[in-house]
Amino acid sequence: MERNFTNGLIKELRGRSIFLIGMMGSGKSSTGPVLAEILKYKYVDLDVLIEKLTKKTIDKVFSEEGEEYFRDLETQCLQEIIKLPSVVVSTGGGVVLKKENWGILRQGIIVWLDINKEIALNRLNSKDNIRPLLKGNIDVKYEEIFETRKDIYAQADLRVEINNEGVKNVAEKILNTLHKEINN
C-alpha cells in the first residue's frame, strides 16, 4: 500500500479506534493485526484478552460460566479498551448483541467483515475449530446465528465483503473503504 495514502489515512483517523465485527470465521482475528500494523495502531483481540483474564478458553468460559457471564466480560473489556487511542480491535461475533456495547463501539469506527457463508463454513468446519455456539449441526447453527445478527451487523459504519482474499488484501479493502468514507 502506498505510504502517502496510509500516512494520510492515519492523519484523517485522528486516533479513532477501529472495531472489526462479523460472524465467526470472517477473519477478524487474522486481519486485525495486519490492519493495526499498517496503521501503526495497537492491536487487541477481545477473545484472547478474555482468555488471558480468565485463564480459560472461550469454550470453557461458556461451558463453566455461561454466555451471559462471557458477554459481561466483553463489555467490561470494551470499556477499558475504548480509553486507549489508535487501537484495532477484533471482537467476538456476538459482541453486537448487547446494546451497551454499541455505545462503546460507536466511539470508534465499526467495520463489518461480511463474509461469504460458504467460505466461512469451510473455515469453521476444520477439526481445530472450537466454537461454543456452533455445537451440533454447524451449517444450521451458523445460519440461525447469522439470521439473528445480520440486521445488527448492518448498522456498522462500514461493510467490507469478504470472499477468498488473503488477510493483506482484506486489510487493504478496509483501508480503501475507510478512505472513501472519510472523504465523503
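General observations
- Search result, residues across segment 139-171 that are surrounded by 15 or more Cβ atoms within 10 Å (Cβ to Cβ), assigned to a helix (DSSP H, G or I) and of a type in the set (Val, Ile, Thr): 145, 152, 167, 170
- Any hit, segment 108-115, residues being in a strand (DSSP E or B), under 20 Å from residue 147 (Cβ atoms) and acidic (Asp, Glu): yes
- Conditions (1) modelled with pLDDT under 80; (2) in a helix (DSSP H, G or I); (3) farther than 30 Å from residue 57 by Cβ; number of the one not met by residue 177: (1)
- Taken over segment 71-87, the criterion of being surrounded by 14 or more Cβ atoms within 10 Å (Cβ to Cβ) and part of a helix (DSSP H, G or I) is satisfied by 71, 72, 73, 74, 75, 77, 78, 81.
- Sole exception among (1) of a type outside the set (Lys, Arg); (2) modelled with pLDDT under 90; (3) part of a helix (DSSP H, G or I); (4) in contact with a strand residue (DSSP E or B) (Cβ under 7 Å, 6 or more places away or on another chain) for residue 96, by number: (2)
- Any hit, segment 18-30, residues being of a type outside the set (D, E, K, R), over 20 Å from residue 124 (Cα atoms) and modelled with pLDDT of 90 or more: yes
- Taken together, 58, 110 contain a single residue that is of a type outside the set (Gly, Ala, Ser), touching a strand residue (DSSP E or B) at 6+ places or on another chain (Cβ under 6 Å) and within 20 Å of residue 30 (Cβ to Cβ), which is 110.
- Leading residue by the ranking (farthest from the chain's Cα centre (by Cα)) among those in segment 1-56 that are outside any helix (DSSP H, G or I) and loosely packed, with under 13 Cβ neighbours inside 10 Å: 2
The values are calculated or read from the model by the stated rules, or taken from the named source; none is laboratory data. Note that the coordinates shown come from a computational prediction; the quantities given were computed from them, not determined experimentally. Positions of Cβ are backbone-derived with ideal geometry, glycine not excepted, and every protein chain shown enters the neighbour counts.
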